[in-house]
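Enquirer: Please read through the structure below; I'll follow up with questions.
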Amino acid sequence: MKLATVGEFGLIDRISAQFKAPENVTGIGDDCAVIPQSCGLDTIVSTDMLVEGTHFLLESTGPEDLGWKSVAVNLSDIAAMGGKPTGTLLSLAVPDSLSLEWADLFISGYRQLSDMFGCPLIGGDTTSAKDRICINVTVLGTVPSGEARTRDSAKEGDLICVTGCLGDSAAGLRILLGNGQGNEYPQLVRHHLRPTPRIREGLLLARCPGVHAMMDISDGLGSDLRHILDASGKGAVVDTASVPLSAQLRQYCKAFGLDPLEPALSGGEDYELLFTVDKDQERILPVAHTVIGYITEPGEGLVWKGSDKDFLGYRHF
Ligand code: ADP
Ligand code: MG
């Protein structure tokens, strides 16, 4: 049987079936693992891999942007838990034909984002690869004991909210692949190449008792909201007319005859936060956000109000 039969998440389920997380530890299944410590803080840890040809093409991604993004996608998982990043480990597999200039610029981009969040590179591993670059970053962080926001705590009646706008990154990738002029839509391209992890917003949201489930949007809302619903055992209604779309995304989709809901709900790599909040607490949240729907009873599934399409999000296989 081929892996494609079970899909990316089917494979992860088979892996996790053989490992039971120790008591009090949040293991496989959330944006980070959470490991309680005795000092009033929990350690949170996550890892993400970027593979040439799958996550980036050397022709369309400069080394500095790639360095930046390698850290950003990892810090986004720390933000998703409401945590503070402590440091990263970088494992690199690179062909020996790669230029030293490329490597220096990659590290420079990596440092720029690390500096922005006070999260230094503290170790890693370097090895040769036959024909393509593979970048693996592990990030460590902390969260006050018991305060990590996980995917399994959405409550019926909660409002579903997102930070920022959705779909810019997927449209930016489309432009980089030759569909449109980057200088006409700089915000879309920038969002794809240099996403900013929502660390500040995650920290503020985790201090609000009304904020229940939280995760970052890396595979598209259509995929990621389903993770919250599955983990929490709930359904949801999303009002597609409320999904926040940037002016540049609307303009781009109009010019190319696309439905902006496709990049916004099925595209990936927005690295915005998706969270659920008690409906009486939403108005007092200290973070800019948009309400896009609400959590319903288990068994009601995910309903896209205002659209007859389904949006599945990005799957690797
Ligand atoms: P994210 O998009 O937040 O990085 P993923 O969708 O990549 O999360 O992974 C979902 C969950 O499965 C995470 O908890 C992750 O740690 C876990 N996971 C993914 N791949 C593996 C693997 N090969 N072995 C163990 N756990 C994995
Ligand atoms: Mg995540």
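Enquirer: From Ile284, Ile295, Ile217, which residue is of a type in the set (Val, Ile, Thr) and under 30 Å from Trp68 (Cα atoms)?
Expert: Numbers: Ile284 fails: under 30 Å from Trp68 (Cα atoms); Ile295 fails: under 30 Å from Trp68 (Cα atoms).
Unique residue meeting the criteria: Ile217.
Enquirer: Taking the residues in the range 69-93 that are within 11 Å of ligand 2 (Cβ to nearest atom) and under 25 Å from Gly146 (Cβ atoms) as candidates, determine which candidate is surrounded by the fewest Cβ atoms within 10 Å (Cβ to Cβ). Even if it seems obvious, please write down each step before you answer.
Expert: Here is the first cut: in the range 69-93, the ones within 11 Å of ligand 2 (Cβ to nearest atom) are 73-81.
Those still in the list that are under 25 Å from Gly146 (Cβ atoms) too: 74-81.
Working: Asn74: 29, Leu75: 30, Ser76: 28, Asp77: 26, Ile78: 31, Ala79: 33, Ala80: 33, Met81: 30.
In this case the residue turns out to be Asp77.
Enquirer: So, one more: Condition test on Ala231, is it open to solvent by 40 Å² or more (accessible area, probe 1.4 Å), within 16 Å of ligand 1 (Cβ to nearest atom) and small (Gly, Ala, Ser)?
Expert: On the way: open to solvent by 40 Å² or more (accessible area, probe 1.4 Å): yes; within 16 Å of ligand 1 (Cβ to nearest atom): yes; small (Gly, Ala, Ser): yes.
Yes; evaluated as a whole, the condition is true for this residue.
Enquirer: Which one of the conditions (1) in a helix (DSSP H, G or I); (2) more than 16 Å from ligand 2 (Cβ to nearest atom) does Asp280 fail to meet, given that it meets all the rest?
Expert: In the conditions (1) in a helix (DSSP H, G or I); (2) more than 16 Å from ligand 2 (Cβ to nearest atom), Asp280 misses (1) alone.
Enquirer: While we're on this one: Test of understanding: among Val73, Val34, which residue is modelled with pLDDT of 95 or more and in a strand (DSSP E or B)?
Expert: Going through Val73, Val34 in turn, just one is modelled with pLDDT of 95 or more and in a strand (DSSP E or B): Val34.
Enquirer: Any idea how many residues of the range 202-222 are within 12 Å of Pro286 (Cα to Cα) and buried (at least 23 other Cβ atoms within 10 Å of the Cβ)?
Expert: Going through the range 202-222 one residue at a time, the tally reaches 3.
Enquirer: Take Gly87 and decide whether it is in a helix (DSSP H, G or I) and touching a residue at least 40 places away in the same chain (Cβ under 8 Å). Before you say what the answer is, go through the steps one by one.
Expert: On the way: in a helix (DSSP H, G or I): no; touching a residue at least 40 places away in the same chain (Cβ under 8 Å): yes.
Judged against the criteria, Gly87 is not a match.
Enquirer: Please name all residue pairs, on different chains or six or more residues apart, with Cβ atoms under 6 Å, provided the first residue is in the range 151-180 and is without any contact (Cβ under 8 Å) to a residue 60 or more places away in the chain and the second residue is in a helix (DSSP H, G or I).
Expert: Filtered contacts from the range 151-180: Gly172/Leu188; Gly172/Val189; Gly172/His191; Gly172/His192.
Enquirer: How many residues, within the range 18-48, are open to solvent by 60 Å² or more (accessible area, probe 1.4 Å), free of Cβ contacts under 8 Å to residues at least 60 places away in the same chain and within 11 Å of ligand 1 (Cβ to nearest atom)?
Expert: The number of residues fulfilling the criteria is 3.
Enquirer: Follow-up question, since we're still on this one. Please go through (1) assigned to a helix (DSSP H, G or I); (2) within 16 Å of Phe275 (Cβ to Cβ); (3) away from ligand 2 (no atom under 16 Å from the Cβ) for Ala241 and return the number of the only condition it doesn't satisfy.
Expert: (2)
Enquirer: Checking the condition open to solvent by 50 Å² or more (accessible area, probe 1.4 Å) and either under 21 Å from the mean Cα position of the chain (by Cα) or among the aromatic types (Phe, Trp, Tyr) (or both), which residue from Leu312, Leu261 passes? Before the answer, list the steps.
Expert: Numbers: Leu261 fails: open to solvent by 50 Å² or more (accessible area, probe 1.4 Å).
After applying the criteria, what remains is Leu312.
Enquirer: Return only the number of the condition from (1) away from ligand 1 (no atom under 16 Å from the Cβ); (2) open to solvent by 40 Å² or more (accessible area, probe 1.4 Å); (3) without any contact (Cβ under 8 Å) to a residue 40 or more places away in the chain that Gly123 does not satisfy.
Expert: The one condition Gly123 does not meet is (2).
The values are calculated or read from the model by the stated rules, or taken from the named source; none is laboratory data. All figures in this text were calculated on a predicted structure; none of them were measured in a lab. Here the Cβ is made from the backbone with ideal geometry for all residues, glycine too, and neighbour counts use every protein chain on show. What goes into the accessible areas is simple: the full protein's heavy atoms, side chains included, and nothing from ligands, DNA or RNA. Shrake-Rupley method; radii C 1.70, N 1.55, O 1.52, S 1.80 Å.
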